[in-house]
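Read through the structure below, which is laid out as structure tokens, and then see the notes.
The values are calculated or read from the model by the stated rules, or taken from the named source; none is laboratory data. Treat the numbers as computed from the prediction; the structure is a model and nothing was measured. Here Cβ is always computed from backbone atoms with ideal geometry, including for glycine, and neighbour counts include all displayed protein chains. Heads up: the accessible areas ignore ligands, DNA and RNA and are worked out on the full protein's heavy atoms, side chains in. Shrake-Rupley method; radii C 1.70, N 1.55, O 1.52, S 1.80 Å.
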Amino acid sequence: MFGTLLNAIAVFVGGLLGLVLGNRLPERVRGTILNGLGLFVIAAGLQMTLESNNNLITLGAIMIGGLLGEWGRIEDRLHGLGGWLESRFGRSSSTDSAARFIRGFVTASLLFCVGPMTILGSIQDGLTGDYRLLAIKSMLDGFAALAFAAASGIGVLFSIVVILGYQGGLSLLAAQASQWLTPEMITELTAAGGVLVMATGVGPLLELRKIRVGNYLPALLVAPLIVVALPWLTALGRLLGLEV
């Protein structure tokens, strides 16, 4: 759990610095920082996705995960949570302020909690107490939080709740997860996560197209399940004479 706490502290410190510097940074500078971060996020997401050993697994995970997310209205629930927090802690109740708060909260939560360093770092921290991966991730997240908070406000700080819950939960469940989480499953989960990271860059960061990124979160669970089911589906296909 130490790695997760370190990550949360880094985001908190970076976010506070961003809030302090935010009013002193011209809008064009904040836009440049956010755009640069968006471009980097897309590049990082692409690199993660290309690690897949079977692109069809990634496609299936995204499609099925997206359908499950739409059915569960995950994006709406994230927005609802962000709106509730903004109404309790935000300084203004205007529509623009709420949208800014929600964008900061949702975007930061997704970016800080999706990726191979999150999964592998949390598992290592939980199993052996080795928090080196999460320490590296903490440095990256701290700088990202500074840029996000300067552009999107205090909503970024509340992503700490998601970090503690998500990464902390992974660390606590690491011993059990290690019994079934194979390297191939982690690879395909990472590839699916890369698509979500790219969507975060295209949508919330660069605002090139509105994408309900939160609704794709189930893909992170679906990808490993497809890896498990694929040999059975292949065997069934052979039995039915459907192999290609």
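Here are the numbers for this structure:
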| read-out | value |
| --- | --- |
| Accessible surface of MET63 - all protein chains present, 1.4 Å probe, nearest 10 Å² | 100 |
| Distance in nm between pseudo-label sites at LEU21 and VAL161 (7 Å out along the Cβ direction from Cα) | 2.7 |
| Highest average packing first - 53-59, 221-227, Cβ atoms within 10 Å | 221-227, 53-59 |
| Residue-span extension gain [PHE143 to MET1] - 0.36 nm each, minus C-alpha spacing | 49.0 nm |
| Charge context of SER171, other residues only, Cβ under 15 angstrom, K/R +1, D/E -1 | 0 |
| Solvent-accessible area per residue, Å², over the stretch 133-239 with all protein chains present [probe radius 1.4 Å] | 46 |
| Long-range tail of P(r) for the stretch 1-48 (Cα pairs > 15 Å, %) | 63 |
| Carbon plus sulfur fraction of accessible area for the stretch 165-244, probe 1.4 Å, in percent | 69 |
| Peptides ranked, highest mean first, by Cβ atoms within 10 Å: ranges 138-147, 104-113 | 104-113, 138-147 |
